[in-house]
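Notes for the one structure printed next.
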Amino acid sequence: MPPGQYLTEDFPVLSAGPTPNIPLDRWEFVIASEDGREYRWTWDELLELPAEEPTVDIHCVTKWSKLETTWRGVSLDVLMEDVETTADFALAHSYGGYTTNLPLEDLLDGKAWIVYEFEGSELAPQHGGPARLLVPHLYFWKSAKWVRGIQLQEFDELGFWESVGYHDYGDPWREQRYQGD
Amino acid sequence: MSARIEWRVATLAEFRNETATARTLLLDVPGWPGHLAGQHVDVRLTDADGYSTQRSYSLGAPADGERVELTVQKVPGGEVSEYLTDVYSIGDPIELRGPVGGWFVWHPSRTAPVLLVAGGSGIVPLMAMVRARRQARSRAPFRLIYSVRSPADQYFSSELRRSAVDDSGLDVTTVYTRSAPPGATREPGRIGGADLERYGWPPQFEPTCFVCGPTGFVEKVANTLVGLGHDPRRIRTERFGPTGG
Ligand SMILES: Cc1cc2nc3c(=O)[nH]c(=O)nc-3n(C[C@H](O)[C@H](O)[C@H](O)COP(=O)(O)OP(=O)(O)OC[C@H]3O[C@@H](n4cnc5c(N)ncnc54)[C@H](O)[C@@H]3O)c2cc1C
């Protein structure tokens, strides 16, 4: 277990506001490259992509960890396959306005997914459904709920929690909870 | 990059029992940098073998110099809350780091109407806002709706009764879920849209809404506020955990 974390069997919820309600027929996921090109998927198109079922440990900055959670979704490697970019950074955007920033390399090479199932059932809205980002090697706020897109950029732009005092990178093993850690 | 928020040693100066299962801790924290209403701290306990564990607790009042106030609800079987409410004694040290959180905060310079909705111990950061408002002599229109099981579960009872009278522009409504005091006009029951309409602000007033408490309570209240027409961007939430706490 990473330092300062404790184990939970529950699935606590951390969100800054209400849970958004997103109709699937209007849902879309967009990757925008630094030169303005956009790559779009509708809900049905997302479901048609090859899926993986990662089993991972998750660590929330509010101190709980949950081990061996199982998810189903699409690897970012698949979504990024045809995207041409030289960007180093990514800013994930969510329905409801939430954002979080990550180095692009933390989204690639089997480290991140867009997931739509949790423990064999469709992902509940309060846990980020219909689809959320899953980046389990970083604190869980980086796994943006209700994800709607990823903006690729050459500079690092702070996301929502990052701009109110949470750490820019958020590695649980180095206990990077707050700015300056 | 800003400076690291350091761990500091806090010692218990005084305590007050709020209910049979909740205790307010007044802690002296040398070097405390001050904080905003709504922020929290991380508390770290370490035992003789070096095992340590951390939890978050909201700051219940504006800082009084180097003294800060937390109120902890005892969760049955809870590792940290049972220690803080039953064992932790005057003069004992704990480690604390903060203030943390820059979103669930109210600044006394704001004048927009505010709706505070608390479930159980979720009153703690909202009480800090009520107290910060009073301290700053703010006239921002405030309404507090406080949901508790029964009169015996209410924190800060006498202060809230006084505030409801003395703090002009502050309305306080207590909603009882299991048993109401004699003479109450509202039947005991969970908070619903009718309560939020009646004791809150109309969405047209564009209040900033702060909702805090157990996760299920916050989910329900925030969704109901959205359903009543409040802009989700004006609803700020803090979820404490699974059921109570
Ligand atoms: C930002 C933030 C601010 C908080 N502020 C406060 C505060 O001001 N006052 C306060 O009393 N608490 C507050 N909490 C909750 C607090 O951090 C702990 O979760 C709580 O005290 C329980 O910890 P524990 O070690 O006693 O229980 P644990 O040993 O962690 O848990 C024991 C059992 O109780 C369950 N449990 C855990 N947390 C809760 C809970 N909140 N309610 C009911 N059951 C629970 C667990 O699932 C487990 O089964 C806050 C939490 C957050 C995230």
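Quick rundown of the values:
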| read-out | value |
| --- | --- |
| 10 Å Cβ neighbours from other chains, averaged over peptide B:99-106 | 4 |
| Residue mean of other protein chain beta carbons inside 10 Å, A:6-18 | 6 |
| Cα-projected label distance for A:E45 with B:R186, points at 7 Å along beta-carbon direction, nm | 4.8 nm |
| Volume per residue that the Cα convex hull of the stretch B:75-162 spans, once the total is divided by residue count, Å³ | 154 Å³ |
| Efficiency of FRET from Cβ geometry, A:A87 and B:A194, R₀ 56 Å, rounded to 0.05 | 0.65 |
| Relative contact order (%) - criterion: Cα under 8 Å, at least six apart; region: chain B | 19 percent |
| Listed residues A:E53, A:E119, B:E18 arranged by accessible area, highest first, probe 1.4 Å | A:E53, A:E119, B:E18 |
| Cut-off under 5 Å, modelled amide H: who pairs with B:D171 long-range | B:F142, B:R143, B:L144 |
| Solvent-accessible surface (1.4 angstrom probe) belonging to A:H137, in square angstrom, nearest 10 | 60 Å² |
| Cα pair distances in chain A, grouped into 5 Å bins until the bin that holds the longest one, percent each | 1, 8, 18, 23, 22, 17, 8, 3, 0 |
| P(r) histogram, all alpha-carbon pairs of the stretch B:44-107 included - 10 Å bins from 0, percent | 16, 50, 28, 6, 0 |
| Helix-derived mean residue ellipticity, 222 nm - over the protein assembly as shown, DSSP H n ≥ 4, -39500 (n - 2.57), to 500 | -3500 deg cm²/dmol |
| Distance in nm between pseudo-label sites at A:E117 and B:S89 (7 Å out along the Cβ direction from Cα) | 5.6 nm |
| Relative packing of peptides B:62-74, A:57-69 - highest average C-beta neighbours within 10 Å first | B:62-74, A:57-69 |
| Out-of-range pairs (alpha-carbon distance over 22 Å; input A:K66/A:K111; A:K145/B:K220; A:K142/B:K74) | A:K142/B:K74 |
| Cα long-axis angle, helix B:157-166 against chain B (0 to 90 degrees, to the nearest 10) | 50 degrees |
| For the stretch B:114-240, fraction of C-alpha pairs farther apart than 26 Å, in % | 14 percent |
| ³J(HN,Hα), Karplus 6.51/-1.76/1.60, whole Hz, each residue of the stretch A:7-17, x for Gly, Pro | 7, 9, 8, 6, 10, x, 10, 10, 8, 7, x |
| Alpha carbon centroid spacing (whole Å) that separates the stretch B:30-52 from the stretch A:1-73 | 30 Å |
| Degrees, to the nearest 10: B:215-227 long Cα axis against longest axis of chain B | 30 degrees |
| Burial order of peptide ranges A:95-101, A:138-144, A:152-158 (average beta-carbon count within 10 Å, highest first) | A:138-144, A:95-101, A:152-158 |
| 10 °C / 1.306 mPa s Stokes-Einstein diffusion coefficient of chain B, Kirkwood radius on C-alpha pairs, µm²/s | 86 µm²/s |
| For the protein assembly as shown: accessible area per residue (Å², 1.4 Å) | 43 Å² |
| Dipole moment magnitude, nearest 20 debye, the stretch B:87-155 about Cα centre, only Lys, Arg, Asp, Glu C-beta charged | 500 debye |
| Rotationally averaged projected area of the protein assembly as shown (alpha carbon convex hull; nm²) | 21.4 nm² |
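The values are calculated or read from the model by the stated rules, or taken from the named source; none is laboratory data. For clarity, every value in this text was computed on a predicted model and none was experimentally measured. With ideal geometry, Cβ positions are generated from the backbone for all residues, glycine too; neighbour counts draw on all protein chains shown. Accessible surface areas use protein heavy atoms only, side chains included; no ligands, DNA or RNA. Shrake-Rupley method; radii C 1.70, N 1.55, O 1.52, S 1.80 Å.
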